[in-house]
Every structure is written in C-alpha cells, then in structure tokens.
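The values are calculated or read from the model by the stated rules, or taken from the named source; none is laboratory data. Here the structure is a predicted model, which means the values were calculated and not measured. No Cβ is skipped: glycine too gets one built from the backbone with ideal geometry, and neighbour counts run over all protein chains shown.
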Amino acid sequence: MDINTKKVTKNAYRITKQRYKTALRVRVPGGRLKAEYLEILQKIADEYGDGDLHLTTRQGFEITGIDMDKIDEVNAIIQPVIEGLEINQINPNTGYTAAGTRNICACIGNRVCPKAQYETSGFAKRIEQAIFPNDFHVKVALTGCPNDCIKVRMHDFGIIGMTLPQYDKQRCVSCGRCVEKCTKLSTGALTMENYKVTREHDKCIGCGECVLNCPTNAWTRNEEKFYRLAIMGRTGKKNPRLAEDFILWIDEDSIIKIIKNTYDYIGEYIDRSLPKEHIGYIVDRTGFIEYKKWALKDVELSPMAKVASNIYWGGIRY
Amino acid sequence: MKIEISKEDFNKSLHRLGDEYRIYAPVAMAYKGTFSDTDSIRYKEINTLDEIEFNLKSHFSPKEVILPITQVLFYFTEDQYKEPETEKKKLLVFLRACDIHAVKRMDQIYLENGQRDPYYQEVRDTVKFVLIGCEKSYRNCFCVSMGTNKTEDYSLGIKPVGDQVLLDIKDEELNAYFFGEEKDFEMNYVTSNDIKVLIPEPHQIAKDIAEAPLWREYDERCVACGKCNFVCSTCTCFRMQDIFYKDNENNGERRRVWASCQVDGYTDMAGGHSFRKRHGDRMRYKVLHKVYDYNKRFGYHMCVGCGRCDDACPQYISFSTCVNKLHDLGKEER
Ligand code: SF4
Ligand code: SF4
C-alpha cells in the first residue's frame, strides 16, 4: 500500500499502531450534537470499523479500526455529520479539511447548568466558524463560569464566562447570603456595611454566586456578556503549564478577533523546520509582548476590559 | 360599565392616567432572572399595555409596590428628625385575583391590628387595582382551595383579546379615562387547580404539633434562604435598621426592610439569644402562621394560594404539600 500519511492525518485520520488500520476523529464543536448523527457513526463503526466508538478527550468521537483503503468511502458516509454540525469544508465528500486546529470544547453551559453565564456551545460554534479549517495546532475551550469544568486553563485559549453583577440596594434585605456565598465559595469580593453590600470590582471574578443566591433579585446580571480570556496553557512534554489571564471582562467579538489574529502571528513566526509547532512555544520564543502586539491588532476593547501588561507562565521545566 | 376599546385607545388612556398615577404591572425583565439569560417577572412602572406580562405568573408579588422592600421612615440629625417627602402621584396596580385577596391580608396587619401604620396607610389610600383575569391555573397555584380565585374588589377589570381590550370599569373616577363601545363580558377566573390543599380545622392541630416528626425533614432540606417569604404576597414582616452616616455619625436614617422568618437572625434578641434554630422549626412557624395562627386571630387564612413559595424554593420544598401533610396528621390523631 502506498499512502501519503501527511494527507491522512490532515484529513483527521490517525496513523495507528496497527498497520493499515486508521481511525477517524469526528469533531463536535461545543460538545453538543443531535443524537440522530449517532446512527451514522454507528454505521461507520459497524461496517468499516471494529464496532467501537471512542469518546475523545476533546469531546469528539473516534471511530477506530477502519481500513486505510476505505477512507474515501467513509468520507462520503460521514458527510451528513459534517454538514449537520456546520463544519467548514473545502470539498464536499472529502471528509475533514484539516486537523491541526482541534475541536473546540465546551462545558454544558447555560442551556442546563445554573452556574453558567452563557451558552457555551453556541459560542464554540461561532469560533469554529471563524477559525476552522486550519492546520495550525491551536486548542480552544470554553467554560460557563470560573468553576472551569472543561479545564480551559489547559488550552491555548481558555474562555471563562463572567457576569457583571448589578446591585439594587432598594431590593436588598441585608440577609447577608450573597456575602456569605461569595466569601465561602468564591473570592470574598462582597462586604456588608450599614446593612448594604459593596462589591470590590478587582476581586470579583463574575461567578454570579451573588445573583444566584440573592432571594430578592437585588443582585442581577448585566445584559452584556463578559469573559475572562486565559492563554497558552498546555499539557505535553516540554513545559506543561496552566493558562494565565490575558484579558478580563472582554467581549465575545474581541475574543474571536484575537484568536484570528493569532493565526496571522503563527504564520509569521512558526518554525517551519519542525513537523508542527504548538502556539505556546512560539510565544515562548518571541516573548509575550510581541504576541500581544499581533493579538490586539485592530481589536477595539471596551473600557471595561483589563489587559495584562505582561505574563509570566509557570509550569514544570526540565 | 363594561366596554370594548382598542389597544391603541387603551394606551392613550394609560398615557393620560400617567399624569396622575404611577402605573405598575408585572413585566418580564430580560436577563434579570436568577439564572443567566432568563427573565425575572416582577413589578415595574409601565407606560403601555404591551409591556405587561399577561401570560405568566409573576415571580414576585405586587406586594413590593405598596410595601417597599426598603423604606426610609425618617432621617435624623442630633436633635431633629424629618420624614421623607411622600409620593405625589397615586398608584394603579395590575394584578391577579389572589393578589387582590393578599392586599386584604396586608391591610389586616398594617391597618387593623392595633396601631394603624401611617406609612402603609398613606400609600394604600392612593392605590387602585386593575384585575388581570386568569385564563388558566398555573403550576403550584391552589387559589380555589383558599377561596381566592375570584374577586369583585377592583377598580378596573382588564381582558385583552387580540387587538382589543375588554374593560370592566367599576370605579366612577376611571370612567372619565376610558371610552369605548359597551360590551358585556365576564372576567376570567379559574375554577379548579391541579393542586388541592386541605387545611386542618384548628381543633385538628394538636397542642404538641411542634414536636411532630413532620418538621424534622425540613431541618435538612431547607437552606433558610427566605425566597418563599420574599415572593409571598402575604408575608408582612419587617425589621428596623438605623443607619449612621459614615462621614457624620450624628446623622442618619431609620429604615424598615422586609424580613423573613426562614432567614437567620429573625429571632435574634439582645444578649444573643435566638429561637427556632432548626430550619424545620422555621418551616413550622411559617406554615402554621399561614393556615392556623392568623386564622385563629382574624377568622380567615392568611395564605391565598398563589403558590409562589413553591415556584421559588431552590430546594423544591412545597408549602402546599406540607399543609396537606399537616391535614393528614390531624386526621390520624383524631
Ligand atoms: S443576598 Fe440579596 S438581599 Fe441578601 S444581602 Fe445580598 S443583596 Fe441583599
Ligand atoms: S425557599 Fe425553600 S429553602 Fe428557601 S427558606 Fe423557603 S423553604 Fe427554605
């Protein structure tokens, strides 16, 4: 068999340990799909694979045990899933156009979770639309609130929902529940003085515990959505580390623009002598300040946004 | 007089009423709910009919319009005090039958229970009620069991039908504002709810009811947040707060603020004592107040069956279920 492995991997198939067998990675942006697509996945698994579906760490499916010479057939069968999940594709019936930019993960978000500040899957899909397909290795994840169930801090771009709480002191009955919850569950940004509550903005992480727990609706959410954008977290060999905060109280459009700008930056600085280079290591090479210059190009942040002047990442170094 | 009037003309009349009245109605306030991207349906000043949420039950009752959550009673300096200026405009409040019955309970407590409360009286004297009929019973409602599903006690009844509005004008004064074709119609009211509540007769409530095991389940389940009280249309408790201004401690103000018998601190006394530490005991206090103690004193039940307590409880504790348990207990013990 003569097969171009680079083309295979770019097409979201894997070179596996078992010779002549491959596995297809099905991306599910935002981790949510219509259950009907499972029928197609089952068909591929039963007829072309080994009958199993693997749930990937990035909220996709991996259909294992496919014969490499069946890739074209499988690509034709998977087409309705690609279309149904609105995945950008260059040529129909040729499967996934790229695999470098990984599936965009999201926690369950505010369709279900009371703590979440926004609809995570929807935002994940909008990012997918803006950046896929692309061969550059970039990982994005979104989480509804600072509980960070999806672990965005292990991603290149970690998006954490924030709400800007608004206080109507006329409605406050001084029960102290918000202060207690903020202190015990969150950062202790609230204090009670003269029977009314004050919020220390710099301490507030926008988790919304005050809103969730206020029995009179004295605390409510702002209509605008805000986010915390943490960047360049990673796992892996050289220097695993958690993402650090880049911009607090940022808006959705600016996040999308920053991620798109990052691709231009990668294009400029990537080390093309390597088979692939992960974005975080490029930033390590050029320094954060250079990255920031590229990332913020033509981004119009609102006055609310708080941008880190510099970032020093930690993690394990050998 | 019963008339039919177009929405447009109704809005014009509302506009004219606005010179004399502040008009309050339940409004679905986008993004203001407890959870993100949810509404909060509560009372707000309105100008047009379209702002009103007619289809859903409001999360908070109209109580807050007549009895503000926070009310300054007076400002004080070293040797003087002054009451705040009072509102010049009268009030027009849109509400449902059970809520009109609830106002009677508030009147009972603030006006006919010893000293008349002048602050309440002042507001109350200016309020007119607009009845919103109920086309259907909502989840957790048990107004029929409480006999509060119907009322004749309103100035204006309103029934929007498509682009038209049917009005039942009972208050002469309002006749001057609304002009339309005479048209006979009946206000909607519900005649049955999914939830039915049986209330034990006073003699069925044992003297040692406080010891009944029934309450103990709530020790664990209730988190003492007080939501049930704050959304209740008949809870009338308040506490006083004296505030001394930060930059001049000789000046300040006295406020009264809603209080909840479920929330910590309600029974605190000088010296640090407090009663009803167990949440189940607070539940007992609340439940018996609504369907026993108040009745013993005034001859009718306090609870009007709006079911907002059940709608609001984050722990899915159901007041109506508890009352029914109390009833069953009474049967057993007889
Ligand atoms: S929880 Fe609400 S009512 Fe209680 S102190 Fe906080 S703001 Fe005031
Ligand atoms: S709303 Fe529920 S949990 Fe909160 S105080 Fe009332 S019964 Fe307890």
Inset, instruction - Residues being of a type outside the set (S, T, N, Q) and crowded, with 17+ Cβ neighbours inside 10 Å: count how many of those fall in region A:177-195. - result: 8
Legend entry - Any hit, region B:157-169, residues being touching a residue at least 60 places away in the same chain (Cβ under 8 Å) and either within 16 Å of ligand 2 (Cβ to nearest atom) or within 14 Å of another protein chain (Cβ to nearest Cβ) (or both): no
Inset, instruction - Please tell me if B:Asp264 is surrounded by 17 or more Cβ atoms within 10 Å (Cβ to Cβ) and under 30 Å from B:Tyr120 (Cβ atoms). - result: yes
Legend entry - Residue under evaluation B:Arg254, criteria (1) surrounded by fewer than 19 Cβ atoms within 10 Å (Cβ to Cβ); (2) away from every other protein chain (no Cβ under 12 Å), criterion not met: (2)
Legend entry - Search result, residues across region B:60-74 that are within 8 Å of chain A (Cβ to nearest Cβ) and in contact with a helix residue (DSSP H, G or I) (Cβ under 6 Å, 6 or more places away or on another chain): B:Phe60, B:Ile69, B:Thr70
Inset, instruction - With the condition kept exactly as written, say whether any residue in region B:238-247 is of a type in the set (Val, Ile, Thr), without any contact (Cβ under 8 Å) to a residue 24 or more places away in the chain and in contact with an Asp or Glu (Cβ under 6 Å, 6 or more places away or on another chain). - result: yes
Inset, instruction - Considering every residue within region B:292-309, establish whether at least one is in contact with a Cys (Cβ under 6 Å, 6 or more places away or on another chain), among the charged types (D, E, K, R), away from ligand 2 (no atom under 12 Å from the Cβ) and in a helix (DSSP H, G or I). - result: no
Legend entry - In region B:295-312, the residues that are within 16 Å of the chain's Cα centre (by Cα) and away from ligand 1 (no atom under 16 Å from the Cβ): B:His301, B:Met302, B:Cys303, B:Val304, B:Gly305, B:Cys306, B:Gly307, B:Arg308, B:Cys309, B:Asp310, B:Asp311
Inset, instruction - Say whether the condition of being within 28 Å of B:Gly265 (Cα to Cα), crowded, with 21+ Cβ neighbours inside 10 Å and either of a type in the set (Lys, Arg) or in contact with a Phe, Trp or Tyr (Cβ under 8 Å, 6 or more places away or on another chain) (or both) is met by at least one residue in region B:206-222. - result: no
Inset, instruction - With the condition kept exactly as written, say whether any residue in region B:55-73 is free of Cβ contacts under 8 Å to residues at least 24 places away in the same chain, in a strand (DSSP E or B) and surrounded by fewer than 17 Cβ atoms within 10 Å (Cβ to Cβ). - result: no
Inset, instruction - Run B:Glu85 past the list (1) at pLDDT 95 or above; (2) surrounded by fewer than 16 Cβ atoms within 10 Å (Cβ to Cβ) and report the number of the one that doesn't hold. - result: (1)
Inset, instruction - Go through region A:90-130 and give me each residue that's part of a loop (DSSP other than H, G, I, E, B), farther than 20 Å from A:Asn75 by Cα and basic (Lys, Arg). - result: A:Lys115
Inset, instruction - Can you confirm whether region B:212-219 contains a residue that is outside any loop (DSSP other than H, G, I, E, B) and either within 16 Å of ligand 1 (Cβ to nearest atom) or touching a His at 6+ places or on another chain (Cβ under 7 Å) (or both)? - result: yes
Inset, instruction - Can you work out which of the residues in region A:220-233 that are touching a helix residue (DSSP H, G or I) at 6+ places or on another chain (Cβ under 7 Å), within 13 Å of chain B (Cβ to nearest Cβ) and of a type outside the set (D, E, K, R) is surrounded by the most Cβ atoms within 10 Å (Cβ to Cβ)? - result: A:Tyr227
Inset, instruction - Could you tell me whether B:Glu78 is at pLDDT below 95 and not assigned by TED's automatic domain parsing to the domain that holds B:Val231? - result: yes
Inset, instruction - Take region A:97-123 and flag every residue that is touching a residue at least 24 places away in the same chain (Cβ under 8 Å), surrounded by fewer than 24 Cβ atoms within 10 Å (Cβ to Cβ) and aliphatic (A, V, I, L, M). - result: A:Ala98, A:Ala99, A:Ile108
Inset, instruction - Return the residue satisfying two criteria in turn: it lies in region A:187-196 and is more than 26 Å from A:Phe246 (Cα to Cα) and touching a helix residue (DSSP H, G or I) at 6+ places or on another chain (Cβ under 6 Å), and of such residues it is farthest from the other protein chains (Cβ to nearest Cβ). - result: A:Met192
Inset, instruction - Please specify each residue of region A:148-176 satisfying the condition of being aliphatic (A, V, I, L, M) and either within 14 Å of another protein chain (Cβ to nearest Cβ) or surrounded by 22 or more Cβ atoms within 10 Å (Cβ to Cβ) (or both). - result: A:Ile150, A:Val152, A:Ile159, A:Ile160, A:Met162, A:Leu164, A:Val173
Legend entry - Restricting region B:7-51 to residues that are within 20 Å of the chain's Cα centre (by Cα) and among the aromatic types (Phe, Trp, Tyr), the residue that is farthest from the other protein chains (Cβ to nearest Cβ): B:Tyr24
Inset, instruction - Would you mind listing the helices (runs of 4 or more DSSP H) fully within region A:192-293 where at least 3 residues are more than 16 Å from ligand 1 (Cβ to nearest atom)? - result: A:252-269, A:279-286
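Residue-wise test of (1) in contact with a His (Cβ under 9 Å, 6 or more places away or on another chain); (2) more than 16 Å from ligand 2 (Cβ to nearest atom); (3) within 28 Å of A:Val197 (Cα to Cα); (4) free of Cβ contacts under 8 Å to residues at least 12 places away in the same chain.
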{"site": "A:Asn213", "(1), (2), (3), (4)": "no, no, yes, no"}
{"site": "A:Glu223", "(1), (2), (3), (4)": "no, yes, yes, yes"}
{"site": "A:Pro240", "(1), (2), (3), (4)": "no, yes, no, no"}
{"site": "A:Glu252", "(1), (2), (3), (4)": "no, yes, no, no"}
{"site": "A:Asp264", "(1), (2), (3), (4)": "no, yes, no, no"}
{"site": "A:Leu274", "(1), (2), (3), (4)": "no, yes, no, yes"}
Inset, instruction - Kindly indicate whether any position in region A:202-219 is surrounded by fewer than 17 Cβ atoms within 10 Å (Cβ to Cβ), among the basic types (Lys, Arg) and within 11 Å of another protein chain (Cβ to nearest Cβ). - result: no
Inset, instruction - Return the residue satisfying two criteria in turn: it lies in region A:174-189 and is farther than 16 Å from A:Met162 by Cα and not in a loop (DSSP other than H, G, I, E, B), and of such residues it is nearest to ligand 2 (Cβ to nearest atom). - result: A:Arg177
Inset, instruction - Quickly run through region A:231-268 and pick out the residues that are under 24 Å from B:Asp37 (Cα atoms) and of a type in the set (Gly, Ala, Ser). - result: A:Ser254
